[in-house]
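Report on the structure given below.
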Amino acid sequence: MRSREGAVMRASESLPPSFVLPAAPMRHDDTAGERVSGGARISLRRTDVVRGAGSAAMLIALAGEIDASNSGWLTAQLTTTITGVSAGNAAAGYDRGELSGVILDLTGIRFCDASGIAALVKAFRHAQDRRLGLELTGAHGRVARVLQITKVDEALTLHPRLEGALAALTAPRK
């Protein structure tokens, strides 16, 4: 996979989150995954907790392409993460009451087809079923356009910055 600078990245290298709040302590876990199938590559990295004014969330940074060859893997990874956030993870140093939800950082996503959209919608519904918020940040270019054309942005709000996604998690839910 090529980074924005053109350097080749190995699967074992962590992907940095696209946005970091000033003075927002983060704990990083070692949970990263990558799926390569049929030429499409997607990677996922969880940043344990990001904090904003009055909220904390699990940040999941995605990179690569989401298509039919890897959307099932992505759905399984997101479902597992959301279930874990819902149940709480004392070993990670937080309880269920501390986290407001999950933020998906799509800054590194270059392509997303219908199966990728379905994976995002399934994750959103899974989070709703567990009374958690799920917000999107960093979608740009063709990915943002596809989310707008398909009207996914009406259910899942697209935030240009991480701060907006964190603020949305503290807002009262409808």
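Every number here is computed from the coordinates shown, using simple stated rules; none is lab data. What you see is a predicted model; the values in this text were computed from it and never measured. Positions of Cβ are generated from backbone atoms using ideal geometry, with glycine treated the same way; all protein chains shown enter the neighbour counts.
Subtracting the Cα-Cα distance of ARG142 and ARG110 from their residue separation scaled by 0.36 nm leaves 10.8 nm. Counted residue by residue at 0.36 nm each, then reduced by the alpha carbon distance between them, the extension gain from ASP129 to LYS151 reaches 5.8 nm. Across the stretch 140-145, coupling constants 3J(HN,Hα) worked out from phi with the 6.51/-1.76/1.60 Karplus curve, θ = phi - 60°, read 8, x, 4, 5, 4, 5 Hz, and Gly and Pro carry x. Highest mean packing first, where packing is the average number of other Cβ atoms within 10 Å per residue, the peptides 120-131, 140-151 line up as 120-131, 140-151. Packing-based ranking of 67-74, 153-160 yields 67-74, 153-160, ordered from highest to lowest mean Cβ neighbour count within 10 Å.
The calculated FRET efficiency for THR83 paired with VAL121, based on their beta-carbon distance and R0 = 25 Å, is about 0.90.
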